[in-house]
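Peer 1: Dropping the structure in here first, questions after.
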Amino acid sequence: MSWTCICGHQDVVTALIAGKVNATAASRLENKTPLQHAAYNGTTQCVAILLEHYFQIALDRRFNLSKKKLNKLEQWDMERNWMKPYEKLVLHKDIYKKTALEWATGHDLNETMSLLQAAEDRIKKRHDELTREDALALSVPCRLGCGYVDRADRIEKHEVQRCPKRIVGCEACGKNIPANTIPDHDANHCTRRIVRCENRYRGCEESMPFDQLFAHCKHRCMFRRDECRLCHRSLLHHQRDFHEAEVRLGEERSDKLLSSAFPL
């Protein structure tokens, strides 16, 4: 395989791969893989064929593992490290401590360099994906201070939907309050909570929103304390008209008695 790559016989390389010949083994003398030999000699088509073959090896490994019954840890390891065979082959260093890309760069082989750089970029992209996954898997506390801890990629859902300290709007008055204070707010502080009239012990049976209670008790409740406009006696509002009528009737009777007792 190595000599075929050195000579650039791409059809032979393809045939050998199809024949299951090992295309990954490094030479004993220089520890060079067929990919490094192809890169060193600038046989660009062989480089392209080998890179595609190496990536297919990684994909086949992933597919074969996915068909097995794996536990959660094995499943996690497979999904995380399925590209490792490809990475190992692309970044392999020979006895001169050089990769295939470094050999192509040293010989100024632009087309070969472009293919190998794309391969290393693919590996870097996978590393970046793993770094992001690791960051999202970190355990972080709820930023609202409720004490709950979860993965970084799930904590926002908790903060928005389930955190007892998340800010929600009262359905009645619209005020924004922490979710865990809703029962106390509804019972004691909401301006639209339904309350009974303060004069219920005098007989008023009306209920109303809290923000209307003062106006009702002060101006509309029929059982509020009021004052006779004639004699200034304290009485309930609904009694006032009847009481004042009696007072006027009494005054009329008094006037008649005085008139009869002391005629002009």
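The values are calculated or read from the model by the stated rules, or taken from the named source; none is laboratory data. Just so we're clear, the structure is a prediction, and the values are computed from it rather than from any experiment. A quick note on method: Cβ atoms are made from the backbone with ideal geometry, for glycine too, and the neighbour counts reach across all protein chains shown.
Peer 1: Among the residues of region 198-214, is any in contact (Cβ under 8 Å) with a residue 24 or more places away in the chain and hydrophobic (A, V, I, L, M, F, W, C)?
Peer 2: The answer is no, given that none of the residues of region 198-214 is in contact (Cβ under 8 Å) with a residue 24 or more places away in the chain and hydrophobic (A, V, I, L, M, F, W, C).
Peer 1: Another question, if that's okay. Just to confirm my filter: which strands (runs of 3 or more DSSP E) fall fully inside region 63-177 and include at least 1 residues that are of a type in the set (D, E, K, R)? If you could, list the steps in order and put the result at the bottom.
Peer 2: Details: elements: 139-141, 149-151, 167-169.
Here the list reads 149-151.
Peer 1: Which ones in region 81-102 are surrounded by 17 or more Cβ atoms within 10 Å (Cβ to Cβ) and either outside the structural domain of His53 (by TED's automatic domain parsing) or among the aromatic types (Phe, Trp, Tyr) (or both)?
Peer 2: Result: Trp82, Tyr86.
Peer 1: Out of curiosity, is Asp184 in contact with a Leu (Cβ under 7 Å, 6 or more places away or on another chain) and either outside the structural domain of His237 (by TED's automatic domain parsing) or part of a loop (DSSP other than H, G, I, E, B) (or both)?
Peer 2: Working: in contact with a Leu (Cβ under 7 Å, 6 or more places away or on another chain): no; either outside the structural domain of His237 (by TED's automatic domain parsing) or part of a loop (DSSP other than H, G, I, E, B) (or both): yes.
Against the criterion (in contact with a Leu (Cβ under 7 Å, 6 or more places away or on another chain) and either outside the structural domain of His237 (by TED's automatic domain parsing) or part of a loop (DSSP other than H, G, I, E, B) (or both)), Asp184 does not qualify.
Peer 1: Suppose we filter region 194-250 for residues that are among the β-branched types (Val, Ile, Thr) and out of contact with any Pro (no Cβ under 7 Å at 6 or more places or on another chain); how many remain? Can you show your working first?
Peer 2: Residues of region 194-250 that are among the β-branched types (Val, Ile, Thr), as a first pass: 194-195, 247.
Okay, now just the ones that are also out of contact with any Pro (no Cβ under 7 Å at 6 or more places or on another chain), so 195, 247.
Total meeting the criteria: 2.
Peer 1: Name the pairs whose Cβ atoms lie under 6 Å apart, with the first residue in region 128-157 and outside the structural domain of Asn81 (by TED's automatic domain parsing) and closer than 21 Å to Trp76 by Cα, the second in a helix (DSSP H, G or I) and of a type in the set (Lys, Arg), and 6 or more positions between them or separate chains?
Peer 2: Partner pairs satisfying both residue conditions: none exist.
Peer 1: Return the residues of region 23-43 that are aliphatic (A, V, I, L, M) and closer than 11 Å to Thr4 by Cβ; say none if nothing qualifies. Break it down stepwise before answering.
Peer 2: Pass one, region 23-43, residues aliphatic (A, V, I, L, M): 23, 25-26, 29, 35, 38-39.
If the condition is that a residue be aliphatic (A, V, I, L, M) and closer than 11 Å to Thr4 by Cβ, then Ala23, Ala38 are the ones that fit.
Peer 1: Here's something else I'd like to know. Within region 171-185, take every residue that is over 24 Å from the mean Cα position of the chain (by Cα) and surrounded by 15 or more Cβ atoms within 10 Å (Cβ to Cβ) and give me the one that is nearest to Leu144 (Cα to Cα).
Peer 2: Selected residue: His185.
Peer 1: Looking at region 209-264, which of its residues are surrounded by fewer than 10 Cβ atoms within 10 Å (Cβ to Cβ) and under 30 Å from His189 (Cα atoms)?
Peer 2: Lys218, His219
Peer 1: Go through (1) in a loop (DSSP other than H, G, I, E, B); (2) out of contact with any helix residue (DSSP H, G or I) (no Cβ under 9 Å at 6 or more places or on another chain); (3) surrounded by 16 or more Cβ atoms within 10 Å (Cβ to Cβ) for Glu205 and report which single condition fails.
Peer 2: (3)
Peer 1: Residues of region 43-80 being of a type in the set (Val, Ile, Thr), in contact with a Leu (Cβ under 9 Å, 6 or more places away or on another chain) and surrounded by 17 or more Cβ atoms within 10 Å (Cβ to Cβ), which ones? I'd like the intermediate steps shown before the answer.
Peer 2: If we filter region 43-80 for residues that are of a type in the set (Val, Ile, Thr), which is where we start, we get 43-44, 47, 49, 57.
Pick out the ones that are also in contact with a Leu (Cβ under 9 Å, 6 or more places away or on another chain) and you get 44, 47, 57.
Hits for region 43-80 are Thr44, Val47.
Peer 1: Now for a separate question. Go through Arg192, Arg253 for me and flag whichever is over 30 Å from Lys165 (Cα atoms), of a type in the set (Lys, Arg) and either free of Cβ contacts under 8 Å to residues at least 24 places away in the same chain or not in a helix (DSSP H, G or I) (or both).
Peer 2: Numbers: Arg192 fails: over 30 Å from Lys165 (Cα atoms).
When all the criteria are applied, what remains is Arg253.
Peer 1: Test each condition in (1) within 22 Å of Arg61 (Cβ to Cβ); (2) polar (S, T, N, Q); (3) in contact (Cβ under 8 Å) with a residue 12 or more places away in the chain for Asn81 and report the one that comes out false.
Peer 2: With respect to (1) within 22 Å of Arg61 (Cβ to Cβ); (2) polar (S, T, N, Q); (3) in contact (Cβ under 8 Å) with a residue 12 or more places away in the chain, Asn81 is out only on (3).
Peer 1: Evaluate the following for Thr4: is it surrounded by 18 or more Cβ atoms within 10 Å (Cβ to Cβ) and either at pLDDT below 90 or more than 43 Å from the chain's Cα centre (by Cα) (or both)? I'd like the intermediate steps shown before the answer.
Peer 2: Values: surrounded by 18 or more Cβ atoms within 10 Å (Cβ to Cβ): yes; either at pLDDT below 90 or more than 43 Å from the chain's Cα centre (by Cα) (or both): yes.
Yes.
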